[in-house]
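Report on the structure given below.
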Amino acid sequence: MSNAQIEIQLIASLVAIACAIPGTFLVLRKMAMISDAISHSILPGIVVGFFITQDLNSPLLILLAALTGVITVVLVEYIQKTGLVKEDTAIGLVFPVLFSIGVLMIAKKANDVHLDIDAVLVGELALAPFDRLIISGVDVGPKSLWIIGGILLVTIGLLIAFFKELKLSTFDKGLAASLGFSPAIIHYGLMSVSSVTTVGAFDAVGAILVVALMIAPAATAYLLTTDLKKMLLLSIVFGVFSAISGYWFAHWLDASIAGSITTMLGVLFLMVYLFAPSKGIIAVMYREKQQRTEVSLLTFLLHLKNHDEEAERHVNHLNEHINWQKVRSKTVLDLALKNNMIVINNAIVSLTSKGNEFTTQAIDYIITNEDAQIEDMKDDFFLFRG
Amino acid sequence: MTKIAVQVDDLTVAYNYKPVLWDIDLEIPEGVLMAIVGPNGAGKSTLIKSILGILKPIAGSVTIYGKSYEKQRSLVAYVPQKGSVDWDFPTTALDVVMMGTYGSLGWIKRPRQKEKKAALEALEKVGMLPFKNRQISQLSGGQQQRIFLARALVQDASIYFMDEPFQGVDATTEIAIINILKELRKAGKTVIVVHHDLQTVPEYFDWVTFLNVKKIATGPVKDIFNDDNLTKTYGINYKVSIQE
Ligand SMILES: Nc1ncnc2c1ncn2[C@@H]1O[C@H](COP(=O)(O)OP(=O)(O)O)[C@@H](O)[C@H]1O
Ligand SMILES: [Mg+2]
């Protein structure tokens, strides 16, 4: 690997981490769309900042543009508060206007500004290593690396300091407010970090990849874990994995790096969406099928329990009886046999004592909804899980 | 004379400039177990949120033991309406109960062993200790409500505000919760509960406030829980049979 290659992957990975952290909270707050709004509406901020500083990498420009991001959020909330339109409509109203203002400003000053809209939206990671930071004659690396590294450090610092506050106000705004943790401060803090990250990253990776890196890894991690810290960690891992694998995918195809990383993010999400152990589509389908079978099993056992007469417990009679649902009687019978809940003698089915006890407990649970007594049944039967 | 735990003066609260609570005056004496009753949309949740500084009123004031809420936060615990949070949030029962300790910790400081121990004790009290590591979406409605109650208990407050703690819970949980509330009152705490089931008001509570945009009445259940006030609050001709 050449130096430039390593630097590109390093920049992409740092951007991925810097995006995954605020992204996790945006996803949990159901605010994914707001990152899209921020990423577009910072354009006028960038242009104005560029007029003032004449330097796309100046910290002042980053702050000015990030301010536009926060203003976007304020405007969206203001419009929403009027109660005339919903949040998504408010977002759709605000950011195209701000974005167009940015586009017009660039068009008017096209001659003296080295900014073009393509670069803002898509970015060009491949070029990032060529813009070096030189300090008193010494080349210390690409500017983007320093910018995003700095932003990432601040983000991690804030995350560690305010993890508890972020968690509380994301889960329960009301309690946060009553305990004195102003949800507004935390909200605008998160919005500021998201805006600064977006601006700091856009030059290297473009606005679209920033949005993808904020939302996709967090959404993927959400399907896999029930622990906020693990969700943060997984988001970071997925982001970095997509960044590096996307880079090599682009290298192999000779295609856009940002495009390849976004593709990787999509593929990763799709895989998890399909195969995640408990929230994935396949797991959900399997669980529903199992539940149907178990309901049939229970009806079947209950029937046995309620009928002493042998005619009612003859295999042929039961065969007709169980088929009122979309479950095959053989499946139910096998499940009952496998669990030693029934015995079959001369085509007459009888409950075993285990089967009898199970049926009593299960019916009891369904009637009283008392959870504690069936804790051990939950492991074997989906029926009794949430 | 008993002390006044919560005093509300001329409180008017609006959403988007449309008032939903008009000119509320309310005195809640220390040590009562009080129900707030009123139809849906009467402003019961809004009243609690305004007392707790979650909503800013457009007029009026609230004091807790004579001082502003901001100064008395540590005396107050709050159980929001269950539907106000996302139960799919990636966290466990124990972690949610720990949130009750955040107030006394303040900004930045993290919960440690002491806070964890308090949370475990509260879980024990509401009978949810076996479920401490369960993800909250995997709990039944009644269990979720018990978790919320445990989170309030861990705050170890003097005044408890609970927004519909019996919503969507089974009979066993309802009895368990009311017993804990009665214990709190015995310990001298003031407990304020938004309540829906009018039949159980005389059995569960000793104080009641009727609310429907305006305050209709407030006082001891035995004096003011009658058909007249119910009709004024609910609009229709209300009859409850109060069993002694
Ligand atoms: N965030 C809000 N924005 C606008 N209106 C609201 C909001 N919350 C509540 N309301 C309105 O305020 C009134 C009182 O609501 P609430 O206090 O929740 O009633 P209750 O708890 O008694 O059912 C209702 O008409 C409700 O529609
Ligand atoms: Mg309410």
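The values are calculated or read from the model by the stated rules, or taken from the named source; none is laboratory data. Every value quoted in this text rests on a predicted model; they were computed, and no experiment measured them. Quick reminder, even Gly has a Cβ in these numbers, built from the backbone with ideal geometry, and neighbours come from all protein chains shown.
Right, B:Gly168: within 16 Å of ligand 1 (Cβ to nearest atom) and more than 23 Å from B:Ile28 (Cβ to Cβ) or not?
Yes: the conditions hold for B:Gly168.
When segment B:6-26 is examined, which residues are found to be more than 10 Å from ligand 1 (Cβ to nearest atom) and assigned to a strand (DSSP E or B)? Steps first, answer last, please.
We begin by selecting, within segment B:6-26, every residue more than 10 Å from ligand 1 (Cβ to nearest atom); these are B:6-12, B:17, B:22-26.
B:Val6, B:Gln7, B:Val8, B:Asp9, B:Asp10, B:Leu11, B:Thr12, B:Trp22, B:Asp23, B:Ile24, B:Asp25, B:Leu26, listed by residue number.
B:Pro29: of a type outside the set (A, V, I, L, M) and within 16 Å of ligand 2 (Cβ to nearest atom), yes or no?
On the way: of a type outside the set (A, V, I, L, M): yes; within 16 Å of ligand 2 (Cβ to nearest atom): no.
Against the criterion (of a type outside the set (A, V, I, L, M) and within 16 Å of ligand 2 (Cβ to nearest atom)), B:Pro29 does not qualify.
With respect to the conditions (1) charged (D, E, K, R); (2) touching a strand residue (DSSP E or B) at 6+ places or on another chain (Cβ under 9 Å); (3) outside the structural domain of A:Gly49 (by TED's automatic domain parsing), A:Arg287 lacks only one, and its number is (2).
B:Ala42 passes every criterion in (1) away from ligand 2 (no atom under 16 Å from the Cβ); (2) more than 12 Å from chain A (Cβ to nearest Cβ) apart from (1).
Looking across segment B:192-219, the residues that are away from ligand 1 (no atom under 16 Å from the Cβ) and among the charged types (D, E, K, R) come down to B:Glu203, B:Asp206.
Considered as a group, the residues in segment B:137-156 that are modelled with pLDDT of 95 or more and of a type in the set (A, V, I, L, M, F, W, C) include one that is farthest from B:Arg73 (Cα to Cα), and that residue is B:Ile147. Scanning segment B:46-56 for residues that are within 16 Å of ligand 2 (Cβ to nearest atom) and within 23 Å of A:Leu84 (Cα to Cα) turns up B:Thr46, B:Leu55. For segment B:30-52, the set of residues classified as outside any strand (DSSP E or B), touching a residue at least 40 places away in the same chain (Cβ under 8 Å) and under 12 Å from the mean Cα position of the chain (by Cα) consists of B:Lys44, B:Ser45, B:Leu47, B:Ile48, B:Ile51, B:Leu52, listed by residue number.
So, B:Val85, is that one closer than 21 Å to B:Asp9 by Cβ and of a type in the set (A, V, I, L, M, F, W, C) or not? Can you show your working first?
Working: closer than 21 Å to B:Asp9 by Cβ: no; of a type in the set (A, V, I, L, M, F, W, C): yes.
Considered against the rule, which asks whether it is closer than 21 Å to B:Asp9 by Cβ and of a type in the set (A, V, I, L, M, F, W, C), B:Val85 comes out as no.
Among the residues of segment B:1-26, the one identified as surrounded by fewer than 15 Cβ atoms within 10 Å (Cβ to Cβ) and within 14 Å of ligand 2 (Cβ to nearest atom) is B:Tyr15.
Any idea which of B:Val76, B:Val96, B:Val62, B:Val37 is under 28 Å from A:Asp227 (Cβ atoms) and among the β-branched types (Val, Ile, Thr)?
Working: B:Val76 fails: under 28 Å from A:Asp227 (Cβ atoms); B:Val62 fails: under 28 Å from A:Asp227 (Cβ atoms); B:Val37 fails: under 28 Å from A:Asp227 (Cβ atoms).
Just a single option satisfies the conditions, and that option is B:Val96.
Only residues that are assigned to a helix (DSSP H, G or I) and free of Cβ contacts under 8 Å to residues at least 24 places away in the same chain: list them for segment A:6-58, please. Selection gives A:Ile6, A:Gly49, A:Ile52, A:Thr53. Select from segment A:233-258 the residues that are surrounded by fewer than 22 Cβ atoms within 10 Å (Cβ to Cβ), within 19 Å of the chain's Cα centre (by Cα) and touching a residue at least 40 places away in the same chain (Cβ under 8 Å) and list them in ascending order. Within segment A:233-258, just A:Val240 meets the criteria.
With B:Leu94, B:Leu55, B:Leu105, B:Leu129 as the choices, which residue is within 16 Å of ligand 1 (Cβ to nearest atom), within 13 Å of another protein chain (Cβ to nearest Cβ), of a type in the set (A, V, I, L, M, F, W, C) and without any contact (Cβ under 8 Å) to a residue 60 or more places away in the chain?
On the way: B:Leu94 fails: within 16 Å of ligand 1 (Cβ to nearest atom); B:Leu105 fails: within 16 Å of ligand 1 (Cβ to nearest atom); B:Leu129 fails: within 16 Å of ligand 1 (Cβ to nearest atom).
Every option except B:Leu55 fails the conditions.
Of a type in the set (D, E, K, R), closer than 28 Å to B:Gln144 by Cβ and away from ligand 1 (no atom under 16 Å from the Cβ): which single residue out of B:Lys222, B:Lys189 fits that description?
On the way: B:Lys222 fails: closer than 28 Å to B:Gln144 by Cβ.
After ruling out the rest, the residue left standing is B:Lys189.
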